[in-house]
Amino acid sequence: MTLPERMKFGIFMAPFHWLGDNPTLALERDLETIQWLDSLGFDEAWIGEHHSAGWETISSPEIFIGIAAERTKHIKLGTGVASLPYHHPLMVANRMVLLDHLTRGRVMLGVGPGALVSDAYQLGIDPPTQRPRMDESIGVIKRLLTETDPITHSSDWFTLKEALLHLRPYTQPHFPIAVAAAQSPSGMVAAGKHGLGVLSVSVIRGGSVSSNLGDFWKIAEETAEEHKQTVDRNEWRIVLHVHLADSKKDAIEQVRERSAAYQYDYFHQTMGMPFDYEGPKEKIVDYMTQNGAWCVGTPDDLIAKIHELNEQSGGFGGFMIQATEWGTREQVLHSYELIARYVMPHFQGSLTNLQTSQKWSEDHREELQSLKNVSIEKAMSQYKRN
């Protein structure tokens, strides 16, 4: 599959913050990170919604986006993702339309069923109902965004009575919508059924990058055909853990301690996710990098990884970095800078004419140098005559 002419780059910010870290200052760093990405030319930032377990501390991505929008100029900001079973669909649509106007079209709606079972438990929601409720909510939200007649809808968990958005979306026909696809095919099914984009976040759950990314996309395509919808690979975003440094050795050493705590202490010990690894904690980064689940290394390593993912998937349109704080503040910001300077141009066409121009000059250097020498000799000759 040919890569897009201009691949989108961004981050997927849960966020993840260590217990013991001042949460107020951590949230401020999150905002500063998005400002840094905006200045570097990143395209997107997706902000998570979580309500428990201590690490992922943003409970309302919409409020966070409102603050981040005031501090940035160009970067698009999305919910990554809004847990639809936790909210009335009318409220989700209304909040996003308001943000769409306030940001002049810089928002995106990422949706999912809710990632943390502990969130659903506290809300009294039975986990098996979450995915069907997400699907139902997506259908209603799309109707609210596109229809101009009042909508009545009765469900076992929400009701609409002649409901109508009194603000139409600023973006026409509406802002981009993407579905999270993680550990089950339901995300791809929902994307196909409703003709939406996809946020593939399964690679952040541990283990290795799935080799069946292409098979997952086929689910979206087949479902779209069944429901007379279309899905676009350019609206498929793949999320991966990335940390870059000036050498691979430096990159691995910078994140050795904190990446292990992230994977083992949070995902395994706190969340109870299985982790097929029996070695020492300090070697987790080596294990995850070697099996392809993470990309820890240099810009060249990430360029190769994106090409690999393109081959595995059959083609996608956006590459999102899972935002973490595995290194020092300076190391994390430098990693993003390396991506912007040396990786993004490789996939966004900004080097093509520069490389062509350099090659043309190199190929014609003798001819050009000869013309230069003739010009100098002529000027010297005229000077001597005068």
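Read-outs: derived from the displayed coordinates by stated rules, not from any lab. These numbers were taken from a predicted model, which means no experiment stands behind them. All Cβ positions, glycine included, derive from the backbone under ideal geometry; neighbour counts span all protein chains shown.
Structural remarks
- Span from the segment 257-299 Cα centroid across to the segment 127-181 one, whole angstrom: 38
- Cβ-defined net charge surrounding Leu116, 11 Å radius [Lys, Arg +1; Asp, Glu -1]: -3
- In order through segment 156-166: 3J(HN,Hα) via Karplus (6.51 cos²θ - 1.76 cosθ + 1.60), integer Hz, x for Gly, Pro: 7, 9, 7, 9, 10, 10, 6, 7, 8, 6, 7
- For segment 230-386, a Kirkwood radius taken over Cα pairs fed into Stokes-Einstein (25 °C, viscosity 0.890 mPa s) yields D = 128 µm²/s.
- Eigenvalues of the alpha-carbon gyration tensor of segment 46-135, scaled by 5 and square-rooted, set the equivalent ellipsoid semi-axes at 25, 14, 9 angstrom, largest first.
- Net charge contributed by nearby residues that have their C-beta within less than 12 Å of Glu235 (K/R +1, D/E -1): +1
- P(r), alpha carbons of segment 7-84 - 10 Å bins starting at zero, rounded %: 20, 54, 25, 2
- Angle of helix 130-146 to the longest C-alpha principal axis of the chain, folded into 0 to 90 degrees and rounded to 10: 70°.
- For the chain, a Kirkwood radius taken over Cα pairs fed into Stokes-Einstein (20 °C, viscosity 1.002 mPa s) yields D = 95 µm²/s.
- Relative protection proxy for 358-366, 184-192, from highest mean packing down: 184-192, 358-366 (other beta-carbon atoms within 10 angstrom).
- Placing one equal scatterer on every Cα of segment 157-299 and applying the Debye formula, the log10 ratio I(q)/I(0) at q = 0.13 Å⁻¹ is -0.74.
- Whole-number percent relative contact order across the chain, with pairs defined as alpha carbons under 8 Å at least 6 apart: 18
- Placing a pseudo-label 7 Å from each Cα along the Cα-to-Cβ vector at Ser154 and Thr352 gives an inter-label distance of 5.6 nm.
- Relative to the dominant Cα principal axis of the chain, helix 248-260 is inclined by about 20°.
- CD proxy at 222 nm, helix term only [per DSSP H run n ≥ 4: -39500 (n - 2.57); per residue of the chain; nearest 500]: -14000 deg cm²/dmol
- Proximal charge balance of Asp149 [Cβ under 10 Å; K/R count +1, D/E count -1]: -1
- Fraction of antiparallel bridges per DSSP, the chain only, in percent to nearest 5: 10
- Relative to the longest principal axis of the Cα atoms of the chain, the long axis of helix 352-363 makes an angle of roughly 20 degrees.
- Of Lys8/Lys228; Lys76/Lys193; Lys8/Lys372, those spanning more than 31 Å from alpha-carbon to alpha-carbon: Lys8/Lys372
- Considering only Met273, Met96, Met13, the mean-square fluctuation computed in a Gaussian network model of the chain, springs between alpha carbons under 10 angstrom, is largest for Met273.
- Springs join every pair of Cα atoms under 10 Å in this Gaussian network model of the chain, and among Glu325, Glu337, Glu253 the largest mean-square fluctuation is at Glu253.
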